[in-house]
1. Below 15 angstrom from the Cβ of Ala358, what's the summed charge of the other residues (Lys, Arg +1; Asp, Glu -1)?
2. Based on the inverse mean of 1/r over its pairs of different Cα atoms, what is the Kirkwood hydrodynamic radius of region 301-433, in Å?
3. Based only on Cα atoms, what Rg/Rh ratio does the chain have, Rh being taken as Kirkwood's radius?
4. Going by a ≥ b ≥ c, the root eigenvalues of the Cα gyration tensor, does region 104-238 fall in the rounded group (a/c under 1.5), the prolate group (a/b larger than b/c) or the oblate group?
5. Quote to one decimal, in nm, the extra length available between Ala22 and Asp175 on full extension: 0.36 nm per residue of separation minus the C-alpha distance between them.
6. State the extension gain, in nm to one decimal, for the chain segment bounded by Ser279 and Ser443, taking 0.36 nm per residue of separation less the distance between their alpha-carbons.
7. In nm, give the distance between the simple-model label positions of Asp330 and Val112, each being 7 Å from the Cα along the Cα-to-Cβ direction.
8. Quick one: order Val499, Val232, Val33 by neighbouring beta-carbon count within 10 Å, fewest to most.
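All of the numbers you see were taken from the coordinates with simple rules; none came from a lab. Predicted model only: the values in this text are computed from it and were never measured. Cβ placement follows ideal geometry from the backbone for every residue including glycine, while neighbour counts extend to all protein chains displayed.
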Amino acid sequence: MLCSAAVQPGEYRLDTPPQHGARLPSNSIIDIVPAPDGRSIWFGTGRGLGQIHLPGAEWSVINESSGLGRGGVSALVVSDSVIWAATAYTEEIRGEYYPAGGGVGYSRDEGVSWRWMRQPVDSADVTDYSPTTTNIQNVTYDIAVTDSAVWIVSWGGGLRKLRHGSDRWELVTVDGNSFKPLQYLSHRVFSAAYDGRSLWVGSAAGVHHSEDGGYTWAASSAGAGSISGNFVVALGVQYAGPDTLIWAATWRAERNTEYYGVSVTADHGASWRVALSDSTRFISGPYSGAYLIDIYGSLRAHNFGFKDSTVYVCADGGLWFSDDLGRTWDWAANPIHQIADWTINERLDNPDFYSAAAIGDTLWIGTDNGLAFYHPSLLGWRILRAHQPAGVAGQPNTYAYPSPFSPRRGHQTRFQFRAAAPGDGVQSWGVWNFAMEPVIEFSGPYPANVFWGGGTGMMAGYGAVAWDGRDAKGKIVANGVYFYRLKVNGKDLWGKVMVID
């Protein structure tokens, strides 16, 4: 079960010192990983890798033009002095859109140079297992590095390992059966982690771990005293004193007895505890006695962050946290579902949380709508967003981002405008439907939902008005195209935005 690790011709180099004017590449941040030397932090985003240099907080951006594969970063791991990343993009085939793997690559010199390998595929001539012959539906979602090999988990492509020093990917199954992802749920793999002793792999059939390089495996599946669901989309390793805990985002798969949750083992998989789930009850506060699912919906966790005995659970609509290894949760404070940065009057309202990392005394949070960080000395959150300043360098005077957007998921759009100085602002704004009938209008100095960047730092040139997709009566508008107008410093700026639910 071997396939060549085809390397794209050439070795790519880039200027990794801070790039003048560089910013966060994308508002979708799936991974946050500190560099081994502690002098920078890596961010896997929807538009490549971002690297923030400490302590000055200046950025470098690494993307396809720098040697990465096509698309956004789908997996990121830093092991010793080696950085591994994978990318993914969307491919249109006969009017339908499908995810596609952009390949896997690594850097041995802190991102200065990269070697990139195409997404592993099989020959169509293979007969002893079901070959994956395309990168369509073959996306690498996670990477784990052990002492002897690099492991990738790819929907459609299965679990594969590249031995250190080799140029061939080996296909491995966690149940000993010939690779057939359409037949065996355990061959559909989504997550991986290495704790220094065992390789852990999450599939659509539960959690699997191996202590001998993938030759033999032990498995845990949903049931009494085990994980909550068999669809394991994320794994995390927590080192808390002498204890090593394995955390799993365990979603409901096929059986009615499964449910969404977060499961953890402290005894190397011998037993599991469901630490947080749809069926968790609030024990205090205004929701006392209610199930979590009744208030926040299904607990779709995506990732984890750790610091000592504290665990952070990144999920749709909220960031959950516990400071005692997940035994209790502070219901008065949980979850964090809104983050405000009053230095720029900016908010993250109801984002989906994708990543978290506690680096020193700073907590970094990656969402689908921006990056945020918190340090006790700041007395509050700071928010960073990817954006192109309006009205400069050929950019329009105003544009909507994101467009289209989905109000029913709690998302907002932002009408961007130029804010070169702290005094720049909006006198009035409004939204009209396609028939030019008014939907909602505001006037007056600095409405509460107007944000500005103050002309300095990461948010230089940034100004925006947030709209939640509701009309003047608070009702979500119908799908379609809408026009908006901003009056900025006495000038009318027009743009359009699309609502799709």
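1. Numbers: positive: Lys307; negative: Asp31, Asp308, Asp323, Asp361.
For residues surrounding Ala358, the net value is -3.
2. Details: mean 1/r = 0.0599 Å⁻¹.
Mean inverse Cα-Cα distance, inverted, gives 16.7 Å.
3. On the way: Rg = 23.5 Å, Rh = 24.1 Å.
That ratio is 0.98, to two decimals.
4. Numbers: a/c = 1.75, a/b = 1.19, b/c = 1.48.
Because a/c hits 1.5 or more and a/b fails to exceed b/c, region 104-238 counts as oblate.
5. Details: separation 153, 0.36 × 153 = 55.08 nm, distance 4.65 nm.
Between Ala22 and Asp175, full extension yields 50.4 nm more.
6. Numbers: separation 164, 0.36 × 164 = 59.04 nm, distance 4.51 nm.
Contour length minus the Cα-Cα distance gives 54.5 nm.
7. 4.3 nm
8. In order of increasing Cβ crowding within 10 Å: Val33, Val499, Val232.
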